[in-house]
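Beneath this line is the structure, given in structure tokens, with notes to follow.
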Amino acid sequence: MNAYLACVLVLAAGTYAFRLAGPLLHGRVELPARLQELLTVGATVLLVALLATGALTEGHGFAGWARTIGVLAGGVLAWRKAPFAVVVVGAAAATALLRLAGVA
Amino acid sequence: MRSSHRTESPPERTNEGFVRLSHLPRGVLRDIALVWLADAVVGVSFGAIAVAGGLPVWVPVLMSLLVYAGSAQFSAVGILAAGGGPVAAAATGLLLNSRTAAFSLAVADSLGRSRAARFLGAHLITDETAAFVLAQPDQKRRKAAFWISGLGLFAVWNVSVLGGALAGSVIGDTARFGLDAAFPAVLLALVLPALRADSMTRRAAAAGAVIAVAAAPVLPAGVPVLLALLGLLAARRGPGPRSRSGPRSESGSGSRSGRAVGRRGPSRTAAPGSDS
């Protein structure tokens, strides 16, 4: 039954291991700058892919205009350097309003 | 579990001591509080979205306690809720969290020397705490920034996730409130500074996003996002990737090994104006 539990525990253990890297290795090992950079860029690539698929797709189909436009609204707010909370609430509110207006 | 044995090596505790609020300037404390507030909103939506996606309440709650990493939690829950399976969910989350290793190297000496500080502190390393630590000028303030922002964020995050999960199970249809748009928007706000700062990152991210979206209709959930890493190759072959080797730490405060953080770290915190 507990695929969920297994997932949480594996993710938790792995994440903690990553976090221990610093305190344990500190002063002994320095990550090569290139690797550090690759990790950073890789993380950004993952996040962008997540947000793109999250904004556009649901399962194997299109997520609908309400969500896509809402995320876009959040993006505009973020671009204009709105505070983090405003970005989040703005995106949700735009999507909610569109749905209220009957946009899927 | 066993808190019985005291620190065996008092000499190591030189220059240590308890962290106090007064160790940080007011402006920094205000920024930290703003980030707590922002993350509370995100935490509530995480809890609510997870439950709305069909997961039992304990999944987001336990995950928040043990994994404690916003974007990885969102992606893992998204994949689980979409039926992508626990393996894809854990793998994606781990990949996302691998960056934490770089952060932890960067902030390692701000946790304190004792074994307990290092092992407990490790769990509190996040994008946010790393950003706050690296923005502080000296060791005392770094340590204070780490523990104050870290402990507070941990408490705020877990309480708000629990609240969101309970609310979500009452509310039922969170789509009505547009919460499904919140997560992509959060990520967008997170990555925007990194995208602004570096064209190589932009190319890689754009290529990766196109790959992921194109693959989403045909591949199981979770896999398209992993495929996006191919975007790294595309960007490397792009025109002028060599220019990457140029110095890029434009933030003056990142004098230490904070290069990676310098670009990514402040992303979330930058919004409430941590540059003060």
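Taking the alpha carbon gyration tensor of the stretch A:50-104, multiplying each eigenvalue by 5 and rooting it gives semi-axes of 19, 14, 7 Å, largest first. Among the trypsin sites (Lys or Arg not before Pro) in the stretch A:4-104, those placed in a DSSP loop whose Cβ has at most 16 other Cβ atoms within 10 Å are A:ARG28, A:ARG80, A:LYS81.
Taking a cut-off of 15 Å, what percent of all Cα-Cα pairs in chain A are separated by more than that?
Details: 4080 of 5356 pairs.
Of all Cα-Cα pairs in chain A, 76 percent lie more than 15 Å apart.
If R₀ is 45 angstrom, what is the calculated FRET efficiency for the pair A:LEU38 and B:TRP58, using the beta carbon separation as r and rounding to 0.05?
Values: r = 36 Å, r/R0 = 0.80.
Calculated transfer efficiency: 0.80.
Determine, at each q value in 0.21 (inverse angstroms), the log₁₀ of I(q)/I(0) that the Debye formula gives when each Cα of the stretch B:95-236 is one equal point scatterer. These q points yield log10 I(q)/I(0) values of -1.21. Taking one quarter of the surface of the convex hull spanned by the alpha-carbon atoms of the stretch B:9-128 gives a direction-averaged projected area of 8.9 nm². Find the Rg to Rh ratio for the stretch B:37-105, where Rh is the Kirkwood radius over alpha-carbon pairs and Rg uses the same atoms. With Rg and the Kirkwood Rh in hand, the quotient comes to 0.97.
Counting only DSSP H runs of at least 4 residues, each contributing -39500 (n - 2.57), and dividing by the residue count of chain A, the helix-based mean residue ellipticity at 222 nm comes to -26000 deg cm²/dmol.
Magnitude of the charge dipole for the stretch B:70-198, about its Cα centre and with charges confined to Cβ atoms of Lys, Arg (+1) and Asp, Glu (-1), is about 540 debye.
Taken together, the values in this text are just the output of simple stated rules run on the coordinates, not laboratory data. Computed from a predicted model, the values in this text were never measured in an experiment. All Cβ positions, even for glycine, are placed from backbone atoms using ideal geometry, and neighbour counts span all protein chains on display.
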